[in-house]
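The values are calculated or read from the model by the stated rules, or taken from the named source; none is laboratory data. Quick caveat: nothing in here was measured; it's all calculated off a predicted structure. With ideal geometry, Cβ positions are generated from the backbone for all residues, glycine too; neighbour counts draw on all protein chains shown.
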Amino acid sequence: MFRIFKIFVLLLIALAFLPAAFAQNPFLDMIQSFRSSGIFDIFLFILFFIVFYAILMKSKVLGSNAGLNGTVALIAAFLISLYSTFTGFSLIEPMSRFFTQASIVGLVFVAALIIASVFYPDLPKMLAEHFKSPTILYILIPLALALLITSRSIWVFWAGFKAVPGTSSDVMILVVGLIIFVVILLIAATIGGRK
């Protein structure tokens, strides 16, 4: 009798999970719903705002006034968000691929550090010695370029220069101005951070 009861309970559990096994992926439905409503565009805007604000506050290029740095970061984030509207090139997919691949590289790096800590008794000291040399730049720069190329984020730089039918020269000037503004901002942030 107990055996029949166990089979009955297992059958009920299997029947409870059966519809869920054949249902469509709810996570996929949620992602498609977010994509169609434009939530990812807002996430991209917030990401660029935070990055620009952090760069401006850390480098103190415009001083330590949080209001001024926030305003400039807000304007820069709006300009970058408008880039996809002007060019017709979505920044969401390349950025998603880039961050996914960068996360995987980061996980591999952390796993390598954990494994290396087993073999080297004083790993932080050894890493501090190796990271002082410029050879680490010779490793990180090609890695960053490989991530940009494989995630197709490199095409963001050329998307503004394609002639899209129906775009005026004003839009092209705005896009080129946006690119120049971002480059100047990055240069100013790196020069200001050296002091």
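Assorted remarks:
- Output for the stretch 40-51, where each listed residue is under 13 Å from GLU93 (Cα atoms) and not charged (D, E, K, R): PHE40, PHE43, LEU44
- Among the residues making up the stretch 59-92, those that are part of a helix (DSSP H, G or I), surrounded by fewer than 16 Cβ atoms within 10 Å (Cβ to Cβ) and polar (S, T, N, Q) are THR71, THR85.
- Qualifying residue in the stretch 106-118 (condition: in the same structural domain as ARG152 (by TED's automatic domain parsing), surrounded by fewer than 13 Cβ atoms within 10 Å (Cβ to Cβ) and either touching a strand residue (DSSP E or B) at 6+ places or on another chain (Cβ under 9 Å) or among the aromatic types (Phe, Trp, Tyr) (or both)): yes
Residue-wise test of (1) in contact (Cβ under 8 Å) with a residue 40 or more places away in the chain; (2) within 15 Å of LEU186 (Cβ to Cβ); (3) in contact with a Leu (Cβ under 6 Å, 6 or more places away or on another chain).
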residue	(1), (2), (3)
ILE46	no, no, no
VAL51	no, yes, no
ILE55	yes, yes, no
SER59	yes, yes, no
GLY63	no, no, no
GLY70	no, no, no
